Structures are given as C-alpha cells and as structure tokens.
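In what follows, a single structure is set out as structure tokens and then discussed.
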Amino acid sequence: MSRGEPRRGSSSGLRRPSRADLGRLDEALRSLAERTGAPGLAVTLFTRDEVLYEAGIGHRDREARAPIDADTICGIASVTKSFTALAVQALAADGLLRLDDPVTEHLPFTLWEHRRPATLRHLLSHTSGLPPTPTMTWLRAASQAGDAAASAPTLREALTTVTGGPEELGRRAAEVATFDGLVAYLNANVELLGEPGELFSYSNDAYCLLGGVVERASGRPLEAFLAERVLAPLGMTRTTFDLDRVMADANAATLYERDEGGEVRRSPAWQTTGRMLGGGMLKSTLRDLRTWVRFLMAPESPGGDGRPLCEAVGVPAASVREMARGEAWCGPGARYGRGLREAHLRGLRFVGHSGGLKGVSSYVGWVPDLGVGAVVLTNLGGLPSEKAFTTAIGAYAGLPPDAAAYEPAPYEAAPHEVEEVLGSYASGEPYGRLRLFEDAAGALRAAVGFPAVEVPAFMAGPSEVALRYPEYDAPVTLLRRDGRVWAAHHGSRVLERVRSA
C-alpha cells in the first residue's frame, strides 16, 4: 500500500481510527491553530451514530480565557448556502416553485431579455452567468464602522468600488438593500459572463436573491421559514440569524481578525448585510452542525419522533441527495451541486462547503461512501478551514495529516505557455484581484486580493497555475475564448483579464 492510499478495513469500509490516529489528529489541529494564530478552533469527527473526536482548542474569548466548545455559537458564513438551498428544495416539494423556473418568474430581472433566462437551478449551482459584484462589500461596511480593528481597512476596501467617498458608499448600500433594489442594480450595471449553464462563478448575489425567492414563495421571512421548516424539526436549537440573540448568549464567540501588520486582534463587530441573509449570515455551533451534516449524509434516518428526518422537514430524501451531486465544474477535481461542493481527498470523494467572513472560518462536510463527517468552526477569518476538515477526515482514513484535496504537480511549461498567462485579472469584488508575473529571477509569482498578498506560483498544466500559500496550494485555471486567455478562474470566481503583463 502506498503512502497516499486510505487503509482498508473490514466490510464496513475503513477501519475505526485508533487512539494513536486520533492523538495525531489532535496534535495536527493544535499545531494548525498555533501556526495560524487562531484564538479558538472547534472540530468534530463523527459517523451517523457516534462521535469519534471532538475538541475545543483555545478560546471563544481570548482575553477572558473563556474556552470554545461544542455549544459555542460561531459564524458559519457561506455554509449558510446549504440551508438556503434546502429551503428552495422544500418549496419545490410543496409545489410553490420549480427548480427549472426562469428566475424572471420570481424576480424582476431584465438581464436576460431576448435570450434564454437563467433558472433557479442555475442560481443554486452558481452557473447563471452573474459575475461577482461589490454589493455585499457595500452592505457589510456600515456594520464595521465602530470596530477598532476592522473599520479602517473595511472602509478602504469598500471605497475602491465607488467613485465617490463615504456618502456615495452609503447611497450604493441603500440602493442594493432590498431584493428588487439588488436586481435593479444588476440589471443596470453588470454584463453576464456567459449563457446559463456555461460557466461556474460563485455568486453571493445569487444566494441572497434565492433568499428573496424563498420569502416571496413562502410568504415568510427566510429566517422564520428556515426556523420552522428545518431548524426546529432537526433540533438545531442554537442555530440562528438573530444577531441580538447571539450577542446576548453567554457562550458566543468573540471575533478576531488580523490587522494590517498581521497581528491577530479582537474585532467584535459582526458583519451584517440587512435582508441579504441567504448567502452567509447564519450562526451555529459544532453540535448543531453535526446534526446538519448527519441529516445531509442520511436524510432517511429516523428523528426523535421516529419519522425519517426528510419527512420531518418535508423534503424527499432524493432531493436532499441531489444537493450533494456535483452539477458544475468549479475547479480542478471539484464540482458544485446546490449549496454543496464535491471534491476528492486521495481517492475519497467528499462533499461539503466552506465559509469565510471577518472573524469566521468554517467547514462542514462528509464522505458519502464511508458515512463519516466533520465540522470545523473558528473565530478568526482566513484560517484554512478545509485543511482542518481534510486533516480530520484523513485521520479516519489513515491518511497523513498533509493530505489535501488539491495536490498539484509542477508542469514543464514552454516559455510561450507561461507568457500567455501573465497579466492582471479582476472581478467586481474588491478582493477579486490576481496578478501573475515573473520576478527578477524569472520565477512565477502571484499577487492576490486586496491588499495584495504575494505568494510563489508554478505552472501545474498548460492552463493551470498553482499558488503556494503557507498551509495549502490553490488553483488558478485560465479560461480561453477563440484560443486566447480572457479570464482566470480563482477562488471559485471568474476574474476577467484587465491588461497584459
């Protein structure tokens, strides 16, 4: 057996992790928390019936020395999208909408006039053609105004996307604060990336608008519909959109973020986006999210009342499983379904979703063939949550702690292959920035994000560049039209080329 193969066990699939395996997992996670400066890191590894590992490493409040544990309420950011997707599935089961409804039947879009419109299914899989926009950046800015660590960098970031000053930023935020207002902004200001189904480009706008579709089809606010239809039947009593409830809870995480000098600082103001909840505003706990993953893993399992869980939430088990089925390419070795993404860890297919906001890094997922899942929560933004997840899953499978979903090999590129990828790429999101260049020694490098972080890079294929971060590698896939590179797919977004190097 090679080092990269999972260790096989009995007829149940893989052997139960030993005490030594779980000890190595604990050591690897504590080392990750120390290297990344995470104040608190909560991780659990489990099957449908048993908790194999659960640890709260560090603190929910570093200064108060208050520990993080399985019931600490943390932000989950884009993990919210799986809940929004299930809400849409529930309304489809009720006959109040169809996944193949044109989005124009539910929202006042004119973007698709005289062409085939995107459907709700396209919004769910990020294949509608909507490009990344700065709208959520505008909406988040006001909530950070009083935060000593975040107010200045947040304002600078947001101001890069408007031509005026703070007044213009406030006007823009008010313009997109309603579902119809957001649609009107998109109608007037964006150019579609392609035809529906042609390209995957992650869209927070799409999921916020799906929240609006849920509200209009159900006649109830998204938070009320999810609480009644999903959270209560599953017993997820500490999962909420209600920030006031979170702030009043004695066991809620304090948020931290790196300042511009790289120091991890207390940054307690939560980011908010008003009514745009469906893309990433849910808060939850390790224990509740373990329940969520177990439901997604086995929706036909009996609940507390003996009924199958899928019946309790009113969604057929087959529809829940369809959420996990990859429908669209979203990066090397990965495909996106409906609020969930599938990828591979050295031959093991896993399904899950990450989340990231200021003071939030999260991951939930599972390996369908093995019936094992994991949840990762932390109170620091920018922590590599997928790495913590794959480390936990790898402990079950007998893989080394450094096993990763993306493990690129260097490609011997011809000079012209390198030359054609060099240049700058950008999206409407202020952090959607990428520049590929060669340094004075001729080594390939990348400047990423805002403010830009410079990292080493290497060719991993004729149309693929790998970026080497301290804890993981990240792919850049170059997109071509008529034989020429017109965009880069990075961070799940399409970044269009803006100039040559």
Which whole-angstrom value gives the distance between the alpha carbon centres of the range 238-255 and the range 107-176? 25
Which of rounded, prolate or oblate describes the range 49-90 when judged by the alpha-carbon gyration tensor and an a/c cut-off of 1.5? oblate
For the range 50-169, the percent of accessible surface on carbon and sulfur atoms (probe 1.4 angstrom, ligands and nucleic acids excluded) is 51
Taking trypsin sites (Lys or Arg not before Pro) as exposed when in a DSSP loop with at most 10 other Cβ atoms inside 10 Å, the chain has its longest clean stretch at 66-501
Net +/- balance of residues flanking residue 190 in space, Cβ distance below 13 Å, scoring K and R +1, D and E -1: -4
Using the Cα gyration tensor of the chain, with a ≥ b ≥ c the square roots of its eigenvalues, what is the shape: rounded (a/c below 1.5), prolate (a/b larger than b/c) or oblate (neither)? rounded
Below 8 Å, C-alpha to C-alpha, sequence gap of six or more: please give me the relative contact order for the range 430-501 in percent. 19
Could you work out the helix-only [θ] at 222 nm for the chain, with each DSSP H run of four or more residues adding -39,500 (n - 2.57) and the total divided by the number of residues, to the nearest 500 deg cm²/dmol? -8000 deg cm²/dmol
Below 12 angstrom from the Cβ of residue 475, what's the summed charge of the other residues (Lys, Arg +1; Asp, Glu -1)? -2
If we restrict to alpha carbons, what Rg and Dmax does the range 17-91 come to, in Å? 15.4, 46
Rounded to whole Å², per residue accessible area for the chain with a 1.4 Å probe reads 40
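With an 8 Å cut-off on Cα pairs and a minimum separation of 6 or more residues, tell me the relative contact order of the range 342-501 in percent.
Computed value for the range 342-501: 15 percent relative contact order.
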Say a paramagnetic label sat at a point 7 Å from the Cα of residue 498, along Cα to Cβ; which residues of the range 160-204 have their backbone N under 12 Å from it? 160-162
Can you bin the range 382-439 into rounded, prolate or oblate? Criterion: square roots of the alpha carbon gyration tensor eigenvalues sorted a ≥ b ≥ c, rounded for a/c under 1.5, prolate for a/b above b/c, oblate for the rest. oblate
Below 16 Å, Cα to Cα, which lysines can residue 283 reach? Residues fewer than 8 away in the same chain don't count. 81, 358
The correct ranking of 112, 486 by accessible area at 1.4 Å, largest first, is 486, 112
The chain, relative contact order in percent, only Cα pairs under 8 angstrom and at least six apart counted: 19
Taking the range 21-116, which GluC sites (Glu not before Pro) meet the DSSP loop condition and have no more than 10 other C-beta atoms within 10 Å? 50, 63, 113
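The values are calculated or read from the model by the stated rules, or taken from the named source; none is laboratory data. Not measured: the values here are computed from a predicted model. Positions of Cβ are backbone-derived with ideal geometry, glycine not excepted, and every protein chain shown enters the neighbour counts. Calculation scope for accessible area: heavy atoms of the full protein, side chains included, ligands and nucleic acids excluded. Shrake-Rupley method; radii C 1.70, N 1.55, O 1.52, S 1.80 Å.
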